[in-house]
Amino acid sequence: MKKYIKRLVCVLAVIAIIVVGIYKMGWLVRPVKTDICINAINTFHEIPDNSIEVMGYGSSHMWRGMNPMELYSKYGIGAYNYGCNWQKLNTTLLFFKDSLKTQKPKVALIETFMVGECLEDINVNGEIYYTSAIDNDDNKEIYLKQCLGDDKERYLSYYIPFVAFHDNWNDLQKSSFNPMNNYDGKDFRKTMGFVSSDTAKKAKIPDYTTFEQEELSETSVAILDDIMMTCRANDIKVVFYTAPYQGEYKYANAMKDYAEQNGCAYFNLFEYVDEIGIDGKTDFSDKGHLNTSGSNKVADFLGKYLKETFELTDFRNIKGNMWENEL
């Protein structure tokens, strides 16, 4: 009996070592560019419940292109930027649903650069991987089903990153060896989720009247409808906008029509470049993204509309608020 117990203990110990080893190897070969995304998600989850009145969602065009601290400084608006890199529309939906677990915003501010793209029936990539920082629930189950389909190996790759990213073993970086759960949310708390950049690179803002236009896919419309339905049920107002960049945006007309049909606002900021004061020489960190200067100008423009249109608290009158503490 004692021999049997010893053997069982040995077997269990070996299994435990193997499991831990695979888990740690998965951490080593993870796509390290997602570390900042996971950091951002974890930091948002630490924000006090029901403390945000304006939530920002979208891809890097939101994440790097709209400064909540400027909204606070100029208008007293209590906003948070919950955008993230590469984010396709169904990932934005997941972030939106995730945020409503802890927040009851008055306004959802949604940047639409990726409105025409969704992750469907593909292998695990960096974007899908960073959603591992979001707790499992029905919304995430729906998201993963849409992304991964019925492929069990893909699900295995999602929960055991070594399966998906083992090829990275030959391309390890110094940051690959950062300890697990080694993140500091100080920077994101300081900017309320926004990724700032003082880099200035020239970008040529094209004439928006020349852009070829396309209709939204049924999948995109269904996701937008889900967002709108959820917002109506929770008394959340919706404002869509498209940040300017060096490139053609092909869904401006479709978004304008969708917003009109659903009784919400849409701002194609290509049309407002002169009014906002966006300068291609000084306001971009690269050809696709605004820098902090440009992001402040966008926040000034949108903030004026938000302040005049919705009943928002002026948090500047509340001592010790989160935005004041981070200034």
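The values are calculated or read from the model by the stated rules, or taken from the named source; none is laboratory data. Since this is a predicted model, take the numbers as computed values, not measurements. For neighbour counting, all protein chains shown are included, and Cβ atoms are generated from backbone atoms with ideal geometry for every residue, glycine included.
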* **Selection count, segment 261-289, where residues are under 21 Å from the mean Cα position of the chain (by Cα), of a type in the set (A, V, I, L, M, F, W, C) and within 30 Å of T230 (Cα to Cα)** => 3
* Got at least one residue in segment 81-103 being modelled with pLDDT of 95 or more, closer than 20 Å to N317 by Cα and of a type outside the set (A, V, I, L, M)? -> no
* To do: Name, by its number, the condition in (1) free of Cβ contacts under 8 Å to residues at least 60 places away in the same chain; (2) under 18 Å from R64 (Cβ atoms); (3) part of a loop (DSSP other than H, G, I, E, B) that does not hold for G263.
  => (2)
* To do: Answer yes if at least one residue in segment 63-85 is among the hydroxyl-bearing types (S, T, Y), within 17 Å of the chain's Cα centre (by Cα) and in a loop (DSSP other than H, G, I, E, B), and no otherwise.
  => yes
* **Residue count, segment 274-307 (criterion: free of Cβ contacts under 8 Å to residues at least 24 places away in the same chain and farther than 14 Å from S73 by Cα)** => 3
* Asked: How many of the residues making up segment 93-106 are without any contact (Cβ under 8 Å) to a residue 60 or more places away in the chain, in a loop (DSSP other than H, G, I, E, B) and of a type outside the set (S, T, N, Q)?
  -> 1
* To do: Taking the options I110, I36, I41, I52, name whichever one is within 18 Å of F194 (Cβ to Cβ) and over 14 Å from the mean Cα position of the chain (by Cα).
  => I52
* When you go through A233, A265, A299 one by one, which is the residue that is surrounded by fewer than 20 Cβ atoms within 10 Å (Cβ to Cβ), of a type in the set (A, V, I, L, M, F, W, C) and within 23 Å of C84 (Cα to Cα)? -> A265
* Taking segment 38-62, which residues are of a type in the set (S, T, N, Q) and part of a loop (DSSP other than H, G, I, E, B)? -> N50, S51, S59
* Please enumerate the residues belonging to segment 107-127 that are surrounded by 19 or more Cβ atoms within 10 Å (Cβ to Cβ) and assigned to a loop (DSSP other than H, G, I, E, B). => T112, F113, M114, V115, G116, C118, L119, V124
